[in-house]
Amino acid sequence: MSRTRIHNLTISLDGFGTGEGQSLETPFGHAGHRLHEWMIATRFGAPIVGREGGSAGVDNALAQQHEPGIGAEIMGANKFGPPGWQDDADWTGWWGPNPPFHTPTYVLTHRPRPPIEMEGGTTFFFLDTSPAEALAVAREGAAGQDVRIGGGPTVARDFIAAGLVDHIHVVQVPIVLGRGVRLWDGLEALEADYEVEAVSTPSGVTHLTFSRP
């Protein structure tokens, strides 16, 4: 059976995976891009924001694991668009005509709409269902490959709490946000179900990997 994976999910020292006040102009709320500066500085992340170059060290090596073997993605409504996107029939996500997923991508929302086929192999499907049911649908779409839980932190937390995630890669950055959406709430003793590895890098971040034995 395919695995369920989380990669490059970045949190602050106080556990927030996004800031408060998400909008069209501020996709990560008051956090801005501070959570993701480590990734934007890598060869993997630089092209995401239209830059060239980037580092080729440990951060890049771990960030690149986001891609191989993924056949489908599941994301939350707040990753697909700002508050109120459901009222905009023309909204097709943050990423332009050719989103970076290139797989079936399942958006969890209480207000589903017809699928949207984009350039490059991405088709957005909209589901109003439980994590377990969404994962079953995504596994069919993944055609034997792994399913990535793409976030944000609320969706990641829901899937982890349901015991559905086999591999979790969290990146802790040395900033304090103070408010926003926290990842770890309700996940007490999570470490008992996983083998945990921590790797700190010269950029100042710590990569935490949770893998089922």
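FYI, it's all coordinate maths here, none of it is from the lab. Quick caveat, the model's predicted, so the values are computed rather than measured. We place every Cβ from the backbone using ideal geometry, glycine too, and count neighbours over all the protein chains shown.
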Which residues qualify? For residue 113, with a placed amide H closer than 5 Å and at least 5 residues away or on another chain, they are 126
Once Lys and Arg get +1 and Asp and Glu get -1 on their Cβ, which of 72, 132, 173 lies farthest toward the positive end of the dipole of the chain?
-> 173
Report ³J(HN,Hα) in whole Hz for each residue of the range 164-177, in order, from the Karplus equation J = 6.51 cos²θ - 1.76 cosθ + 1.60 where θ = phi - 60°; Gly and Pro get x.
-> 9, 10, 8, 9, 10, 10, 10, 10, 9, 9, x, 10, 10, 8
Counting only residues 5 or more places away or on other chains, whose amide H sits under 5 Å from the amide H of residue 55 once H atoms are built in the peptide plane?
-> 42, 43
In a Gaussian network model of the chain with springs linking alpha carbons closer than 10 Å, the residue among 87, 193, 166 that fluctuates most is 87
Excluding residue 182 itself, calculate the net charge of residues whose Cβ lies under 12 Å from the Cβ of residue 182, where each Lys or Arg counts +1 and each Asp or Glu counts -1.
-> -1
Using the alpha-carbon centroid of each, what span in Å lies between the range 171-204 and the range 125-147?
-> 26 Å
Which of the GluC sites (Glu not before Pro) across the range 115-213 are loop residues per DSSP, with 14 or fewer other Cβ within 10 Å?
-> 188
Taking only C-alpha positions in the chain, Rg and Dmax in angstrom work out to 16.4, 45
For the range 1-76, rounded, prolate or oblate, judged on the Cα gyration tensor with a ≥ b ≥ c (square roots of eigenvalues), a/c < 1.5 rounded, else prolate if a/b > b/c?
-> oblate
